[in-house]
Each structure stands twice: as C-alpha cells, then as structure tokens.
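Participant: Here it is, the structure in full.
The values are calculated or read from the model by the stated rules, or taken from the named source; none is laboratory data. Everything numeric in this text was worked out from a predicted model, so none of it was measured. We place every Cβ from the backbone using ideal geometry, glycine too, and count neighbours over all the protein chains shown. Surface areas here come from the heavy atoms of the whole protein model, side chains and all, with no ligands, DNA or RNA. Shrake-Rupley method; radii C 1.70, N 1.55, O 1.52, S 1.80 Å.
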Amino acid sequence: FGNFKPHNFLKLKNVIDESKFSFNEIKNFFFFPSGRLDLEMDTGILIKLPIKKVKESLDLSFLILQDTKFEKIKIIDLRQKNQVIINEK
C-alpha cells in the first residue's frame, strides 16, 4: 500500500531475502512518503521499520518473535534509534 518506486521495492526484496525472514511470510507492505515502511506478517503482526538499517531491524524482529516471552505480540516498532517498542494483543 502507498506510493513506491519499483526499484525501491526490488531493493526491499533483496534486503528481506538477506534477512532471516522469508518473503512469503509477509502479507502486506505499507510504504510511507518519508521512505519508511511497515510490514504486516501473515500472522497479523505489524513490524514498523526505520528508514535506515532495515536488515538489522528485520533480524532483530525475527529474534524477538522467536522468544517465547513475546508470544502475544501485535506490533514491533523499531522506528526510534536504540529502542524497541512492543505492543501485545
């Protein structure tokens, strides 16, 4: 959803392929005018990514989702530098 340029989508696809996530796990992409994006996973979890360090943020999200302490996650917000905000269901 949103306006995006095809080359930006291809760059994002490459970053996802290099991360620990599978491209098939993503249900929706939300592109914002600022260049930032959100990913809605097929599990319904929303990951809010920063503009920079997208791969690192994806890998951190993957690790969080593997931790059994965070089974009820609804949103992972990584937009703020050096902070992770987690909202539960």
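Participant: Among the residues of segment 4-42 satisfying the criterion of being touching a Lys or Arg at 6+ places or on another chain (Cβ under 6 Å) and assigned to a loop (DSSP other than H, G, I, E, B), which is farthest from residue 58 (Cα to Cα)?
Facilitator: Looking at the filtered set, the residue picked out is 42.
Participant: Out of the residues in segment 31-51 meeting the condition of being among the charged types (D, E, K, R) and without any contact (Cβ under 8 Å) to a residue 24 or more places away in the chain, tell me which one is surrounded by the most Cβ atoms within 10 Å (Cβ to Cβ). Let's see the steps before the verdict.
Facilitator: At the first step, the residues of segment 31-51 found to be among the charged types (D, E, K, R) are 36, 38, 40, 42, 48.
Checking the rest, the ones that are also without any contact (Cβ under 8 Å) to a residue 24 or more places away in the chain come to 38, 40, 42.
Numbers: 38: 19, 40: 15, 42: 11.
Ranking the candidates gives 38 first.
Participant: Which condition number in (1) surrounded by 12 or more Cβ atoms within 10 Å (Cβ to Cβ); (2) out of contact with any helix residue (DSSP H, G or I) (no Cβ under 7 Å at 6 or more places or on another chain) is the one that residue 3 fails?
Facilitator: Going through (1) surrounded by 12 or more Cβ atoms within 10 Å (Cβ to Cβ); (2) out of contact with any helix residue (DSSP H, G or I) (no Cβ under 7 Å at 6 or more places or on another chain) one by one, residue 3 breaks only (1).
Participant: If you don't mind, another one. Quick check, is residue 81 of a type in the set (D, E, K, R), touching a residue at least 24 places away in the same chain (Cβ under 8 Å), touching a Gly at 6+ places or on another chain (Cβ under 8 Å) and open to solvent by 100 Å² or more (accessible area, probe 1.4 Å)? Write out each step before concluding.
Facilitator: Working: of a type in the set (D, E, K, R): yes; touching a residue at least 24 places away in the same chain (Cβ under 8 Å): yes; touching a Gly at 6+ places or on another chain (Cβ under 8 Å): no; open to solvent by 100 Å² or more (accessible area, probe 1.4 Å): yes.
No: the conditions fail for residue 81.
Participant: Within segment 52-78, take every residue that is outside any helix (DSSP H, G or I) and open to solvent by 100 Å² or more (accessible area, probe 1.4 Å) and give me the one that is modelled with the lowest pLDDT. Walk me through it before giving the result.
Facilitator: Filtering segment 52-78 for residues outside any helix (DSSP H, G or I) gives 52-53, 67, 71-78.
Restricting the remaining residues to those that are open to solvent by 100 Å² or more (accessible area, probe 1.4 Å) gives 52-53, 71-72, 74.
Details: 52: 91, 53: 92, 71: 86, 72: 91, 74: 96.
Within segment 52-78, the match that is modelled with the lowest pLDDT is 71.
Participant: For residue 47, work out the one condition from (1) in a helix (DSSP H, G or I); (2) within 17 Å of residue 85 (Cα to Cα) it doesn't fulfil.
Facilitator: The number of the failed condition is (1).
Participant: Right, another one. Looking at 28, 24, which one is open to solvent by 70 Å² or more (accessible area, probe 1.4 Å) and of a type outside the set (Lys, Arg)?
Facilitator: On the way: 28 fails: open to solvent by 70 Å² or more (accessible area, probe 1.4 Å).
The unique qualifying residue is 24.
Participant: Let me ask something else. Report yes if residue 81 is in a loop (DSSP other than H, G, I, E, B) and at negative phi, otherwise no. Explain how you work it out, then say what you get.
Facilitator: Details: in a loop (DSSP other than H, G, I, E, B): yes; at negative phi: yes.
The answer is yes for residue 81.
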